[in-house]
Every structure is written in structure tokens, then in C-alpha cells.
1. What are the residues in the range 70-91 that are assigned to a loop (DSSP other than H, G, I, E, B), surrounded by 12 or more Cβ atoms within 10 Å (Cβ to Cβ) and out of contact with any helix residue (DSSP H, G or I) (no Cβ under 8 Å at 6 or more places or on another chain), if any?
2. Checking the condition in a loop (DSSP other than H, G, I, E, B), closer than 22 Å to residue 91 by Cα and out of contact with any helix residue (DSSP H, G or I) (no Cβ under 7 Å at 6 or more places or on another chain), which residue from 47, 29 passes?
3. Mind counting the residues in the range 93-110 that are modelled with pLDDT of 70 or more and surrounded by 10 or more Cβ atoms within 10 Å (Cβ to Cβ)?
4. Quick test for you: out of 14, 45, pick the one residue that is in contact (Cβ under 8 Å) with a residue 24 or more places away in the chain, over 10 Å from the mean Cα position of the chain (by Cα) and on the phi > 0 side of the Ramachandran plot.
5. So, of the residues in the range 1-25 that are part of a helix (DSSP H, G or I) and out of contact with any helix residue (DSSP H, G or I) (no Cβ under 6 Å at 6 or more places or on another chain), which turns out to be farthest from residue 50 (Cα to Cα)?
6. Could you please let me know if residue 114 is at pLDDT below 95, closer than 26 Å to residue 125 by Cα and in a helix (DSSP H, G or I)?
């Protein structure tokens, strides 16, 4: 097997819990191969570098051997090398910025406009 679909490969090496999660990440532009955005049908081959954005961290993997079937966690290094830079991994242990929105007690649920403002604020932190 020289080539395999990227969504199958990311699922097989346990980057995503389900194949549909992997396909969704491809569809939303969170996966790239060689610097170019990848659709879920993109074929990956030995030596390709895959970048996956999960939250604030950009993970990088190099394909050692394409594989379609889900592998045990101990076998994953036989199929993909984790080449994620250390500064990206440090983002996982960085303290999360907490957003505290003050609302007067008893003022009820936020209005639609207030909800949009809250969502916009939370998206800007990602």
C-alpha cells in the first residue's frame, strides 16, 4: 500500500477518535499536507508531512508507512513520527486565559445580542 486517504490515516494513527472527526477536521481546514489544505480524500504517501490544528496547538507528523487500519497506541511510531516542535507542545501546559464576564445577579439570561458579543469574545481568544 503506497497511498492512503488522509482521514483514514489520521484515524489509524490515533490523532482523531473517529474517522468522521478526521474528515470534519479536513473539511474545516484544520489539516494540511506539505503546507496545502487537504480534503479528506487527499492521498498521503511515505515521507509526507501532515500538520493538524487541534485547539491552539499545531501538531506535525511525518508519514513513515501509510496504514488504513486503526493501530494500537504502541504501534503508532511504526507508521508516523511526531515532529511537533517543542514550543507548540508547551502551549498545552501554559495557563489558560480565563475570561470572566460580569453579570448582575438576577438580570436573567443574556439577550441574543449579548450572547453574540460573548461568543465573539470567546472566539477571539482561540
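The values are calculated or read from the model by the stated rules, or taken from the named source; none is laboratory data. Not measured: the values here are computed from a predicted model. Note that we place each Cβ from the backbone using ideal geometry, even for glycine, and neighbour counts take in every protein chain shown.
1. Result: 83, 84.
2. It is 29.
3. The qualifying residues number 1.
4. Selected residue: 14, the only one of 14, 45 that is in contact (Cβ under 8 Å) with a residue 24 or more places away in the chain, over 10 Å from the mean Cα position of the chain (by Cα) and on the phi > 0 side of the Ramachandran plot.
5. By that ranking, first place goes to 20.
6. yes
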